[in-house]
Every structure is written in structure tokens, then in C-alpha cells.
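Written below as C-alpha cells is the structure these notes are about.
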Amino acid sequence: MASRIDVSIEHSHAPEQPDSAKPHPNTCPGCGSHYRDDELDAHLRVCRQCGHHFSVRARARVGQLVDEGSFVEEAADLRSDDPLGFYDLRPYTERLAAAELETGLGDAMVIGEASIERRACALAVMDFAFMGGSMGSVVGEKFCRACEGAIEREVPLVSVTASGGARMQEGILSLMQLPKTVCAVEDMRDAGVALISVMAHPTTAGVLASFASLGDVVIAEPGALLAFTGPRVVQQTTREKLPDDFGLAESNYRFGHVDAIVARPQLRSYLGRLLGLLTHADRG
Amino acid sequence: MPTEAEVRLRERLSKLRSLRLLGGAKVDGEVERLERQLERISEEPVEDGIWRSVELARDDDRPYTLDYVDRIMDDFVELRGDQVRADDPALVCGLGHFDGRTVALIGHQKARDLRERTRRNFGMAHPEGYRKAMRVMQLADRHGFPVVSLVDTPGAYPGVAAEQHGQGGAIARSQALMARLETPTVACIIGEGGSGGAIAIALSDRVLMQENAIYSVISPEGCAAILWRDQDEKAKAAAAFRPDAAHCLELGVVDAIVAEPPGGAQTDHDEAARLLADAIRASLNELDGVSGEELKRRRRRKFRSLGVYAVNT
């Protein structure tokens, strides 16, 4: 095998932003209110002043949605490989290791079986904190296994997405996770098993352009950015003037791309109702 | 006496055999074919070589979809419009005779002069384009016509209207439809295979790629801007994610590489078209006689197997 191509560059090109330039993660970007961790968690990470929805980590999301103790995780042992020997400013393997340490997750998606309001379902929940929730081979594989689990148990699959899109570090294989997950959804359709897609902030690019958009029912969280291309890139490439609500859940709702915008405190009961409607009684 | 390049290709092939979890059955069954394919590739791409493919894939004189249609199809009739909102000239769809049988053709269309380029939107389709492709694929499915896709796009159009009209959903649904078709499907990357805009019409039974085409998750410029925070690092970005045909073949993302005339497809459109037609014909022949249900099952299994990961023990 030819030696790996050195693609590192002088770091002076890309200065890291100083921490002080970033707002504190517990400060509401909507109204500037500041919360302690426990205050935020007690309110499902929704701002009590303005209703801004802070992002929710995958395990916390599972905790918010499922009946206590009902979640059984699957495929937790899958880890990303580095098929390209990719490195940009840092090697991909190093980014993966750092993400795993930081998040305590093997990759950007957690899957398993659970019940919501006493309705059995399969779950696939993304975590934006793991490399921007990007979809590489592991996310694609886990989503497919979640679909297969749903088919096997004849229960609906609930997916919760938060993703910047495909994981560039896996090159073309990350693009192939689009058709791969789409094929898994089509298998579910053939088996008569429903997909409920909950799009949290942000659900963009490759994830929006694959399984997330294929939900039999598509739900968005308020204020979530749901766009194939984000506002910054659209602005840069087209020089168009963007509407204030460009790509947001509310705009998507107006244009008919989502069935409902459901605030987080209502999400669990909303999913419970949907699961009740989409579960076939004759299948036990 | 094997050349140095050949030796390196053989090394690459031996790596391919040992790649974990690449979908064992597929790799085992196709090693022989891959060997033949790899023999065609004359040199190991390095950074300059990979950037050269990017430039060749974007060459203004490279044949575009309609250049091929003129040369390899008879009685081509273009079908226009998504029957909902608009016609998208960035994506050409129609029916024609290929080898004496009717096929549906779907292809991105770029152009050479400025006015026409603008009209074709540089081959960047709106959701209306993908919806048009879907209705033509459905037509083909009803009649059992094979679907031939020619992929040549920098990506799906990133504009306000495209978003408002559901770009992400259109790309997802076009793929979903392709996963359901019960008619043979062949796609060939003939220039730029740009991300979601490309895969929307390339979830096919056979995916071919021309020797100097590129197929990638993001443009080299986009990748450089995000990961290096500097667009000028595009050649490094391309070398890092390797959008070249040999690499796509190695990963099982494409099934075969279609040879181009010496120097590239831009040097001889007729010869490039002849080689492309041969490859499409061979692919369609392979799929002849396979039932619709079986085509669908194999197609899904093929895409299901794509990806490389590890199991933590």
C-alpha cells in the first residue's frame, strides 16, 4: 500500500476560537436567561422564559421519552473505523477518541428497544455532541439495525435526529449511508412497520436527505433548523436574501414538509398517541 | 515484467480482500472482476493525480448527458416537468431506444456557454427535477423499461426556493423510489458525482463510474472550507477523501469503472460514448431475466452492505 498522503497543514491557517468568544452553553440564545444544569434538566432543557429548546443529549432524550427502566440498548459495541486513514487538522481516529471520551458514547446514535406510554417501540436517537451528530458507517449501520429490530418485533420505530449531515471523514462511504438507511426504511414499509421521525435541531444535509424525511409521520421541535443546505452556505453561494425563518421548523411546517411542531413537554404524550394509532393490535 | 503501478494495484487489491465487514459475499464474489477492472487503471493516484481527476471530471469539453444521448440512444423523447410545479432543465429525463429496447433516461445536464449554463443551473437540480425523475422512473417501472441514470452534478442546488420546495425530502424520496423499482437500473457517474444530488438518482442495481469521474460526499472546496477552514486547501481535501474512481471501486461503492479514450472523455466524444454504451449494455445484459422482486432484494442488500466499522470487544 502506498504511504498515506500527508494532508496536514500549518495550524496558523486555522486558529482555534478562544473559549471566551463562545456563549455559555446554559445561556439561552433566545432571551439571554441563564440556568444551572439541574434547572435546565428539570424543564426538559426548555427555556422557561422564552421557550427556546436547548439541545438534548441522546441518553437524556431517551430518559425524557421512554417509560422508566424500559430501554434496552443494542449494538452499543459498534465503533467507527478509519477506512481512508483520514486526517485533516487532526487524524480522524483522534477526533473519534476525543468524541467518545467527551460524550461517553461509541458514536453519534443510540439504538434500542423501549416503551413509550406503555406502547412498545424501537428507538434510534442521535447525539449532536458526538462530532456534530454526523452520519458515518456506524450511524448508518445502527439505524439499519434499529429498523430490523422494529421489523422483527413488529413495533414502530421512533427516530430522533440531530445531525449536521454525512461524516466527511469517511468520504464516499458516508454518502453511501443515505441509500443504506433508505433501503432499511423501505424494508420496514414492506413489513408494515411504521417510522415516526422526530427532527430536533439541527437535522440537515445527509440525514434530512435520507431516513429522517421518510417518516410516516414527521414531527419537528420548535425552532429546529431542518434544511438540506444551511443558511450560511445558501447565503454564500446564492447571495439571495434569506427569509428570517429560513429552514426553521416553522417554515418547513408552513411549506408542508412536517406534520406537526411539538414542544418538548408534549412530545412524550404525542408519541404515545401516535404509537397507539400505528401499533397493530392483532399483532400483539 | 509488471510495472511499478501494477504492483501497487495488486497490493491495493490484497488490502481489499482483507477489509473487514465490507459485505463479505460481495467482495468474495467480485474479486476476479475487480482484478480485471483494476488492470485498466494505469497509475496509482497521488495528490496531484487525484486533483487531476477533479479537473478532468469538471472539464468544459467533457461530454454531458445530452452529448451521450445523441450518440447512444435513438428516438429520444424528452419528458418535461414534475406535473406539480415546474420543469427543471438541470435534470433531463426521457424515453429512448438503447440497443433496440426502450429505456428511461435520467441525467444531470451541464452546459458550455454562459446562457445555457445558467438555464441548466450548472447541473444543480431543484426538488422539481428530482420529482420529474421520480415520475419518469414510475413510468419505466409500470412498463418494465430499464432506468439508466447519468450522474453529473456538483450537488443539489443550495437555494432558498429549493429548500422551501423540499430539497432534502425530494432527494430522500427519489432514493426510496429507486429502492422499490422492479425494473433493472444502471447508473453511471460521468463527471461530478456530487453528494445528495448525485445519490438521488444513483441507487441502482449497477453503479458504474467513468475513469476520470469523481464521486464524493462533499466538494473538495466545501470540505477544505469546513475542515481546513480554507478553500484553497481543496487539493489536500480531495487527496484526503479521494473521490477518484479507483478508490470508489476499492470500497465497493461502484461496481465497475468505464474506460475513457486516452487523455480523457473530452478528447473524443464518440469513443467515450461507445465505451459508455458498451458498459451499460453489459450491465443490462447481466440483469436480464432477473425477476423484479429479486432485483429489488439484491439492490437493497448491496446498499445495506456499504460501510466499514469495527466491533469493540
Review point. When A:Gln17 is evaluated against the numbered criteria (1) exposed (fewer than 11 other Cβ atoms within 10 Å of the Cβ); (2) assigned to a loop (DSSP other than H, G, I, E, B); (3) modelled with pLDDT under 50; (4) polar (S, T, N, Q), which criterion, by number, is the only one it fails?
Key: (3)
Point to revise | Checking A:Ser55 against (1) within 19 Å of A:Pro156 (Cα to Cα); (2) of a type in the set (S, T, N, Q); (3) touching a Pro at 6+ places or on another chain (Cβ under 9 Å), the condition it does not meet | key: (1)
Check your understanding: Out of all the residues in the stretch B:111-122, is one or more under 19 Å from the mean Cα position of the chain (by Cα), surrounded by 24 or more Cβ atoms within 10 Å (Cβ to Cβ) and either within 14 Å of another protein chain (Cβ to nearest Cβ) or not acidic (Asp, Glu) (or both)?
Key -> no
Point to revise | Entirely in the stretch A:26-144, the helices (runs of 4 or more DSSP H) that have 2 or more residues that are touching a residue at least 60 places away in the same chain (Cβ under 8 Å) | key: A:58-65, A:92-103
Study note, to complete from the structure: Filtering the stretch A:106-144 down to residues that are surrounded by fewer than 24 Cβ atoms within 10 Å (Cβ to Cβ) and within 11 Å of chain B (Cβ to nearest Cβ) yields A:Gly106, A:Gly132
Review point. If you scan the stretch B:159-169, which residues turn out to be surrounded by fewer than 24 Cβ atoms within 10 Å (Cβ to Cβ), at the interface with chain A (Cβ under 7 Å from one of its Cβ atoms) and either in contact with an Asp or Glu (Cβ under 8 Å, 6 or more places away or on another chain) or free of Cβ contacts under 8 Å to residues at least 24 places away in the same chain (or both)?
Key: B:Gly159, B:Val160, B:Gln164
Practice item. Output the number of the condition that B:Gly263 fails; it satisfies all remaining conditions of (1) out of contact with any helix residue (DSSP H, G or I) (no Cβ under 6 Å at 6 or more places or on another chain); (2) assigned to a helix (DSSP H, G or I); (3) more than 17 Å from B:Val151 (Cβ to Cβ). Key: (2)
Practice item. Please work out if B:Gln175 is modelled with pLDDT of 95 or more and more than 14 Å from every other protein chain (Cβ to nearest Cβ). Key: no
Study note, to complete from the structure: All conditions in (1) assigned to a helix (DSSP H, G or I); (2) under 28 Å from A:Thr204 (Cβ atoms) are true of B:Asp152 except (1)
Point to revise | Qualifying positions in the stretch B:171-223 - over 17 Å from the mean Cα position of the chain (by Cα) and surrounded by 24 or more Cβ atoms within 10 Å (Cβ to Cβ) | key: B:Cys223
Exercise for review: Kindly provide the set of residues from the stretch A:86-96 that are out of contact with any helix residue (DSSP H, G or I) (no Cβ under 6 Å at 6 or more places or on another chain) and either over 16 Å from A:Ser137 (Cα atoms) or at pLDDT below 90 (or both), ordered by number.
Suggested key: A:Tyr87, A:Leu89, A:Arg90, A:Pro91, A:Glu94
Review point. Quick one: is B:Gly307 touching a residue at least 24 places away in the same chain (Cβ under 8 Å), surrounded by fewer than 16 Cβ atoms within 10 Å (Cβ to Cβ) and within 14 Å of chain A (Cβ to nearest Cβ)?
Key: no
**Study point:** Residue among B:Arg117, B:Arg131 that alone is at pLDDT 95 or above and more than 12 Å from B:Ala200 (Cα to Cα)
**Key:** B:Arg117
Practice item. Check every one of the helices (runs of 4 or more DSSP H) wholly within the stretch A:148-232 and list those with 1 or more residues that are facing another protein chain (nearest Cβ under 7 Å) and under 22 Å from A:Arg264 (Cα atoms). Key: A:205-208
Point to revise | Cβ pairs under 9 Å, 6+ apart, first in the stretch B:223-243 and more than 7 Å from chain A (Cβ to nearest Cβ), second basic (Lys, Arg) and assigned to a helix (DSSP H, G or I) | key: B:Ala224/B:Lys234; B:Ala224/B:Lys236; B:Ala225/B:Lys234
Study note, to complete from the structure: With criteria (1) modelled with pLDDT under 95; (2) away from chain A (no Cβ under 14 Å), B:Glu250 comes up short on (2)
Study note, to complete from the structure: How many residues of the stretch B:211-231 are within 18 Å of B:Leu56 (Cα to Cα) and not in a loop (DSSP other than H, G, I, E, B)? The answer is 5
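The values are calculated or read from the model by the stated rules, or taken from the named source; none is laboratory data. Source: prediction; values computed, not measured. When we count neighbours, we look across all protein chains shown, and the Cβ atoms used for this are built from the backbone with ideal geometry, even at glycine.
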